[in-house]
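Working notes, beginning with the structure itself.
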Amino acid sequence: MEKIFFIFMLLLVSVNIVYADEVLITLTTRLDDIKFDGKWTYENEWKPSSLVMIKNNDASFVYRIAHDYENLFVYVSAISDKTPSKSTDRAIVCIDGANSGKKKPTIDNFCFISTMGTSKVYTLQGGGDFGQNGFYKTVDNHPKLIGIGAVSTEFDKYSKTPHSSYEFKIPVEIFGRSNVYGLYVGVFDSNTSNQYGWPQEAIQEKYPFIPNPESWGQMISPDKTLPEFEIPSVMLFSTLIFLIFLSKRKMSVFKFSKY
């Protein structure tokens, strides 16, 4: 029984672990104070989030990700882009809502593009008719969608040298609720025409720059807070399970002591 209790408690805590091309994302209520200005604004702003780091000889790239049930939050630190260029540098976050991982993007695939130095954000949806556009089409932004690019500050944890950074707030209802999504996060540096991102294997140098969904990684909600319940329901369900466990344990102790 002690092992069951230990596993149960593990499911209630935040997870900040990445395996290969998977990132685990859990519910957090500590992101209400994020100031969406495209950069890490104060000391602990993005601390309650999962971390992915890509470092090689050519590029260094970091992103952090979390959700509050209603929204997906993403911070991108493009460490290698030390020459931020307004309106031409950009970051992209792509979600495969069905996690189908197909070679050709479908209507379940969404990409959100933020540009450096502006609050302009663009939404692309798969299922387009033209291969020259990567089979994506531009659609209207969700009214609560946020995507902003800016020059990093001294609070960025990964480099004190000014570089491009981006912040996203993406409503979950755009792509629907699930416990597993396809995910791609990338950055384009207009000065070098280089693109780098996660997963590394997904990056392609030729146009279009958005890799096929089959090469994306996976974003997993191990505590199932994204698809199943809203916060009150999650807490109620967890409390009920815990109380049932305690009551059964007390009954076992009582029966044992009686005899």
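Just a few scattered comments:
- Value of relative contact order over segment 76-216, rounded to a whole percent, pairs C-alpha under 8 Å and six or more apart: 30 percent
- Where both bridge residues fall in segment 137-195, DSSP classifies roughly 100% of the beta bridges as antiparallel.
- Members of K55/K102; K39/K169; K55/K86 lying beyond 18 Å, as alpha-carbon distances in this model show: K55/K102; K55/K86
- Given charges at beta-carbon only (K, R positive; D, E negative), |dipole| of segment 124-185 in Debye: 120 debye
- When the listed pairs K47/K224; K47/K104; K120/K224; K35/K160 are checked against a 28 Å cut-off, the alpha-carbon distance exceeds it for K47/K104; K120/K224.
- Measuring with a 1.4 angstrom probe and ignoring ligands and nucleic acids, E154 comes out at about 110 Å² accessible.
The values are calculated or read from the model by the stated rules, or taken from the named source; none is laboratory data. Being a predicted model, the structure only gives us computed values, none of them experimental. Note that each Cβ is placed from the backbone with ideal geometry, even for glycine, and that neighbours are counted across all protein chains shown. To get the accessible areas, we keep the full protein, side chains included, count just its heavy atoms, and leave off ligands, DNA and RNA. Shrake-Rupley method; radii C 1.70, N 1.55, O 1.52, S 1.80 Å.
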